[in-house]
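The values are calculated or read from the model by the stated rules, or taken from the named source; none is laboratory data. On a predicted model such as this, the values are computed, not experimentally measured, just so you know. Cβ atoms come from the backbone with ideal geometry, glycine included; neighbour counts cover every protein chain shown. Just the protein is used for accessible areas: all its heavy atoms, side chains included, with ligands, DNA and RNA removed. Shrake-Rupley method; radii C 1.70, N 1.55, O 1.52, S 1.80 Å.
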Amino acid sequence: MIYSSGRDWLGARHKAVALIGMSGVGKTRISQLLRDAGDWFHYSVDFRIGTRYLGEYIADDFKREAMKVPLLREMLRSDSIYIGSNLSFHNLAPLSHWLGKPGDAELGGIPFEEYCRRQRLHRAAEATAMRDAGEFIERAGMLYGYPHFVCDTSGSICEVVDPQDPQDRVLKPVSEAMLIVYIRGSEAHEEALKARFDRAPKPMYYREDFLRAQWSRYLSEKGVEEAAVNPDDFIRFGFAQLLGHRRPLYQAIADNWGVTVEADDIADVTTAEEFDALVSRALDARGPAPR
């Protein structure tokens, strides 16, 4: 790791950290808090995915829908209107809408194989967006004068890496440029996340072997054909299995590549100084890294 101790972290002139963890544990809140402190650059992996790597796919999806409306079709074909995504750090809805949910088209679903194709595109985009972070550390300093850098990762980062591989193409460059900090949620956090997701299920990224296994299991248990699947019902079903699947993956990343802090402790952080102190304690509690 690039910081060997809490003292090393606190004394660093240039701090760089990658926050990982499940959705809702506080990654974006802390990133915004650090950015608002004035000397931290906030790099959002989801924003990078949705603009640099999947932006054209997202816009094409909007155009495909617009082409169904005669007036918009005519205007698009004559280059009279522009249709694009207004994705932002605070609004990732265009990316979620494009990723979609498999199932009945009448209920907003898309064919399962198309869903898998989009999942593969997202996987490649996420891995590349993570590797881009190292370049942005340099740009943040050279262009804008930010001494510190926080990488706000996607909740699915654990799905695109192999934490047991010391040469992993994502974790290796990231760990050489930043301290990886896993924000570990408690059982209460997971229950709250399940309840929130149940109220408003949203598209998710799944590792393809896991996704196909859950899809087959769902069809078998529910006794339905692919085209008749309720998209929200399947997404809820998959998400319930996903939490248990991801928990050990995140912990393996922290154990092999970084440090762990608790979501309850992150929730108490209100200043950049308090965040620094929390990371410092995590480094000292870990001791020397094994690699």
Pull up the stretch 161-197, narrow it to residues that are closer than 19 Å to Asp255 by Cβ and modelled with pLDDT under 95, then point me to the one that is surrounded by the most Cβ atoms within 10 Å (Cβ to Cβ).
Gly185
Which condition breaks for Ser85 when tested against (1) under 21 Å from Tyr205 (Cα atoms); (2) modelled with pLDDT of 95 or more; (3) crowded, with 18+ Cβ neighbours inside 10 Å?
(2)
Quick check on the stretch 263-276. Is at least one of its residues β-branched (Val, Ile, Thr), within 22 Å of Ser186 (Cα to Cα) and touching a Gly at 6+ places or on another chain (Cβ under 9 Å)?
yes
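May I ask you to list the residues in the stretch 105-147 that are within 22 Å of Asp232 (Cα to Cα), open to solvent by 40 Å² or more (accessible area, probe 1.4 Å), part of a loop (DSSP other than H, G, I, E, B) and at pLDDT 95 or above? Please lay out each step first, then the result.
Our first condition is that a residue be within 22 Å of Asp232 (Cα to Cα); within the stretch 105-147, this holds for 105-123.
Going one step further and asking which of them are open to solvent by 40 Å² or more (accessible area, probe 1.4 Å), we end up with 105-108, 111, 113-114, 117, 120-121, 123.
Keeping just the survivors that are part of a loop (DSSP other than H, G, I, E, B) gives 108, 111.
Selection gives Pro111 alone.
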Filter the stretch 244-291 for residues that are under 21 Å from Glu159 (Cα atoms) and of a type in the set (Gly, Ala, Ser); which is modelled with the lowest pLDDT?
Gly244
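Output yes when any residue across the stretch 253-266 is of a type outside the set (Asp, Glu) and surrounded by fewer than 16 Cβ atoms within 10 Å (Cβ to Cβ), and no when none is. Reasoning before the result, please.
Initially, the stretch 253-266 is screened for residues of a type outside the set (Asp, Glu), giving 253-254, 256-261, 263, 266.
If we keep only those that are surrounded by fewer than 16 Cβ atoms within 10 Å (Cβ to Cβ) as well, we get none.
Within the stretch 253-266, none of the residues are of a type outside the set (Asp, Glu) and surrounded by fewer than 16 Cβ atoms within 10 Å (Cβ to Cβ).
Quick check on my filter: what residues within the stretch 201-235 are β-branched (Val, Ile, Thr) and modelled with pLDDT of 95 or more? Break it down into steps so the answer makes sense when it comes.
Just the residues of the stretch 201-235 that are β-branched (Val, Ile, Thr), to begin with: 224, 229, 235.
Val224, Val229 - these are the residues of the stretch 201-235 that are β-branched (Val, Ile, Thr) and modelled with pLDDT of 95 or more.
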List every residue pair whose Cβ atoms sit under 7 Å apart, with the two residues 6 or more apart in sequence or on different chains, where the first one lies in the stretch 131-146 and is within 13 Å of Arg48 (Cβ to Cβ) and in contact (Cβ under 8 Å) with a residue 24 or more places away in the chain and the second, anywhere, is assigned to a helix (DSSP H, G or I) and open to solvent by less than 90 Å² (accessible area, probe 1.4 Å).
Arg131/Pro173; Asp132/Arg48; Ala133/Val174; Ala133/Ala177; Gly134/Pro173; Gly134/Ala177
Evaluate the following for Leu243: is it within 19 Å of the chain's Cα centre (by Cα), assigned to a helix (DSSP H, G or I) and buried (at least 18 other Cβ atoms within 10 Å of the Cβ)?
no
Would you check which residues across the stretch 33-62 are crowded, with 22+ Cβ neighbours inside 10 Å and of a type in the set (Gly, Ala, Ser) and list them?
Ser44, Gly50
Pairs needed: first member in the stretch 1-16, free of Cβ contacts under 8 Å to residues at least 12 places away in the same chain; second member anywhere, in a loop (DSSP other than H, G, I, E, B); C-beta distance under 7 Å; at least 6 residues apart or different chains.
Ala12/Tyr3
Filter the stretch 2-32 down to the residues that are buried (at least 19 other Cβ atoms within 10 Å of the Cβ) and out of contact with any Asp or Glu (no Cβ under 9 Å at 6 or more places or on another chain) and list them by number.
Tyr3, Ala16, Val17, Ile20, Gly21, Val25, Gly26
